[in-house]
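Trainee: First the structure, which I've put down as structure tokens, then a few questions once you've had a look.
The values are calculated or read from the model by the stated rules, or taken from the named source; none is laboratory data. The structure presented is a predicted model; accordingly, all values stated were derived computationally and were not measured. Cβ placement follows ideal geometry from the backbone for every residue including glycine, while neighbour counts extend to all protein chains displayed.
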Amino acid sequence: MKITLTLFTLLVLSLSTEAQQTINASITHGGLTRDYILYVPASYDGTQAFPLLFNFHGYTSNAAEQMFYGDFRPIADTARFLIVHPQGTLDGTGEPHFNVGWGGSFVDDVGFTAALIDSLLLDYNINEDRIYSTGMSNGGYMSFHLACNLSDRFAAVGSVTGAMVPATMAGCNATHPTPIIQIHGTSDATVPYNGGAGWSVSIPNILTHWRTYNNCDATPVVTNVPNINTTDGSTVEKTVYENGDNCTEVVHFKVNSGGHTWPGSAFNIPITNYDINASVEVWKFFSQYDINGKINCATSSVDENELSEAFSVSPNPTNGTISVKAKLSGSTNYEIYSLTGERLLTGTVHGYDTEIDLSKLTSNVYFLRLGDQTMKVVKVD
């Protein structure tokens, strides 16, 4: 995958993020100088441990292109996480790549990733329980490769238009239940949805592998994503395998008639799907998990059974504090999400009546999740 961005475009877009830091840096590993681009949101001041997201580029692409093409920066600005964009090395044909077990490469990209994590930990306050990996095409393969070969460092992984090579699947050595999100087009001519003999596992087989490994339900929940853009020539079906160990899930966005593109991106030739934004969906999924599984898994599994009827929120709309009323014998955890899926607030509802302070949120629509139930909350000035 290669996206060409003009220098003018890069300069214009960089102006919109001047309050943040975009750092070009390198480390030495395996006798090679390995470059990367780190994005640090303005909200980072070192006093709080931030999650870290790896965003790997595709074959023939590079770190800078992936930073714009599969863009997580606007999400990181509000959801408060760091993004690292590693740069692949040149293969025998002179193209940038990551070694995922095929193509005759001997570069140790797993070791490079581990070394890069260690290097960033020295300079930044990073939550080691919340390190994630995603990527486009070859970067998606790399994320799965890390889930199998560097499992103890990654809480969850995702792939957009990538897959797994047979050797990675056959020798997979994941050490903990691993949440997985896969976004893939059925008409992808570069990484075929139904696999490529000897070099790429089919998407259905990848889902089966991780669903079985995580001990998820065999029968998924399948829903059609609203077709909000009828001109992009594609639709999206969402499949969720639920109830895995540690509350893990395996999620798949199947882009019917979709090609080898990043859904929702502004840089797509040919056109991509615009019913979903892949960056939003990936982070919305990742943000639920740390290395131990779904955050608050143990308490949620108990408390959700007690939420036999919908809770109430008042006042709604609110200009400050809301009162949450729910029939609970104990306590349960709540989460406040933005419209784009960023988790903004967390806490605990105790007993029948709990107040939640929303005064620091801007005027907008938000979602309050309590157990397995969600309610829309409107914040006004």
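Trainee: Would you point out the residue of the stretch 266-281, among those that are modelled with pLDDT of 95 or more and either of a type in the set (Gly, Ala, Ser) or touching a His at 6+ places or on another chain (Cβ under 7 Å) (or both), that is farthest from Asn194 (Cα to Cα)?
Mentor: Top of the filtered list is Ser279.
Trainee: If I filter the stretch 61-70 for residues that are assigned to a helix (DSSP H, G or I) and among the acidic types (Asp, Glu), do I get at least one hit?
Mentor: At the first step, the residues of the stretch 61-70 found to be assigned to a helix (DSSP H, G or I) are 63-69.
Of the ones still in play, those that are also among the acidic types (Asp, Glu) are 65.
Yes, the conditions are met somewhere in the stretch 61-70.
Trainee: Only one of Thr272, Thr230, Thr248, Thr235 is farther than 20 Å from Tyr213 by Cβ, hydroxyl-bearing (Ser, Thr, Tyr) and buried (at least 20 other Cβ atoms within 10 Å of the Cβ); which? Even if it seems obvious, please write down each step before you answer.
Mentor: On the way: Thr230 fails: buried (at least 20 other Cβ atoms within 10 Å of the Cβ); Thr248 fails: farther than 20 Å from Tyr213 by Cβ; Thr235 fails: buried (at least 20 other Cβ atoms within 10 Å of the Cβ).
None of the other options fit; the residue is Thr272.
Trainee: If we keep just the residues of the stretch 51-77 that are under 18 Å from Ser279 (Cα atoms) and of a type in the set (Phe, Trp, Tyr), which is surrounded by the fewest Cβ atoms within 10 Å (Cβ to Cβ)?
Mentor: Going through the qualifying residues, I end up with Phe68.
Trainee: With the structure loaded, tell me whether Asn256 is at pLDDT 95 or above, within 26 Å of Ser338 (Cα to Cα) and either surrounded by fewer than 19 Cβ atoms within 10 Å (Cβ to Cβ) or aliphatic (A, V, I, L, M) (or both) or whether it fails that test.
Mentor: no
Trainee: Okay, next question. Yes or no: Lys284 assigned by TED's automatic domain parsing to the domain that holds Asn194, farther than 20 Å from Tyr193 by Cβ and basic (Lys, Arg)? Let's see the steps before the verdict.
Mentor: Working: assigned by TED's automatic domain parsing to the domain that holds Asn194: yes; farther than 20 Å from Tyr193 by Cβ: yes; basic (Lys, Arg): yes.
Against the criterion (assigned by TED's automatic domain parsing to the domain that holds Asn194, farther than 20 Å from Tyr193 by Cβ and basic (Lys, Arg)), Lys284 qualifies.
Trainee: Go through the stretch 208-227 residue by residue and tally those that are surrounded by 16 or more Cβ atoms within 10 Å (Cβ to Cβ) and in a loop (DSSP other than H, G, I, E, B). Break it down stepwise before answering.
Mentor: Quick first cut of the stretch 208-227, residues surrounded by 16 or more Cβ atoms within 10 Å (Cβ to Cβ) only: 209-211, 213-214, 216, 220, 225.
So of that shortlist, the ones also in a loop (DSSP other than H, G, I, E, B) come out as 214, 216, 220, 225.
Matching residues across the stretch 208-227 total 4.
Trainee: Now for a separate question. Would you check which residues across the stretch 219-262 are touching a strand residue (DSSP E or B) at 6+ places or on another chain (Cβ under 8 Å), of a type in the set (D, E, K, R) and either within 23 Å of Asp71 (Cα to Cα) or outside the structural domain of Val157 (by TED's automatic domain parsing) (or both) and list them?
Mentor: Looking only at the stretch 219-262, we keep the residues that are touching a strand residue (DSSP E or B) at 6+ places or on another chain (Cβ under 8 Å), and these are 220-225, 227, 234-242, 244-262.
Next, only the ones that are of a type in the set (D, E, K, R) stay: 237-238, 242, 245, 249, 254.
Glu237, Lys238, Lys254, listed by residue number.
Trainee: Return the residue satisfying two criteria in turn: it lies in the stretch 289-299 and is modelled with pLDDT of 95 or more and either under 13 Å from the mean Cα position of the chain (by Cα) or in a loop (DSSP other than H, G, I, E, B) (or both), and of such residues it is surrounded by the fewest Cβ atoms within 10 Å (Cβ to Cβ).
Mentor: Asn292
Trainee: I'd like to check something: does the stretch 136-144 contain any residue that is outside any strand (DSSP E or B), touching a residue at least 40 places away in the same chain (Cβ under 8 Å), in contact with a helix residue (DSSP H, G or I) (Cβ under 8 Å, 6 or more places away or on another chain) and of a type in the set (Phe, Trp, Tyr)?
Mentor: Yes: one or more hits.
Trainee: Give me the residue from the stretch 341-370 that is at pLDDT below 80 and of a type in the set (Gly, Ala, Ser) and, out of that set, farthest from Phe50 (Cα to Cα).
Mentor: Ranking the candidates gives Gly351 first.
Trainee: Then there is this: Determine, yes or no, whether Ile183 is in contact with a helix residue (DSSP H, G or I) (Cβ under 6 Å, 6 or more places away or on another chain), within 30 Å of Arg80 (Cβ to Cβ) and either among the β-branched types (Val, Ile, Thr) or in a helix (DSSP H, G or I) (or both). Full working, then the answer.
Mentor: Numbers: in contact with a helix residue (DSSP H, G or I) (Cβ under 6 Å, 6 or more places away or on another chain): yes; within 30 Å of Arg80 (Cβ to Cβ): yes; either among the β-branched types (Val, Ile, Thr) or in a helix (DSSP H, G or I) (or both): yes.
Spelling it out, Ile183 is indeed in contact with a helix residue (DSSP H, G or I) (Cβ under 6 Å, 6 or more places away or on another chain), within 30 Å of Arg80 (Cβ to Cβ) and either among the β-branched types (Val, Ile, Thr) or in a helix (DSSP H, G or I) (or both).
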